[in-house]
Amino acid sequence: MTPARVAILLSGRGSNFVALHRAIAEGSVPAEVVAVVSDKEDAAGL
């Protein structure tokens with residue numbers, strides 16, 4: 001299966017993205033993050 005190409009929009013601390021990124025790295029979610037955009041310069045997910 002070809003991994004989904006996903007763009008992430010952060011509007012907080014980015015904790016959901018951190019969890020998603022971990023799942024992708026572990027192979028649980030077949031996806032590739034191709035972009036991350038945030039309205040907060042210090043979001044943890046950046």
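Derivation of every value follows stated rules applied to the coordinates shown; laboratory data play no part. Only a predicted model underlies this, so the values are computations on that prediction, with no experimental measurement involved. Neighbour counts run over all protein chains shown; Cβ positions are idealised from the backbone, glycine included.
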Dipole magnitude of the chain, debye to nearest 20 (Cβ charges: Lys/Arg +1, Asp/Glu -1, about Cα centre): 100 debye
From DSSP H assignment alone, runs of 4+ in the chain each adding -39500 (n - 2.57), the sum over residues rounded to the nearest 500 puts [θ] at 222 nm at -8000 deg cm²/dmol
Using alpha carbons only, how many degrees (0 to 90, rounded to 10) separate the axis of helix 15-26 from the longest principal axis of the chain? 30 degrees
7 Å from Cα along Cα→Cβ at both LEU9 and VAL33: what's the point-to-point distance in nm? 1.7 nm
Sticking with the crude label model, points 7 Å out along Cα→Cβ, report the distance from ALA19 to GLU41 in nm, one decimal please. 2.9 nm
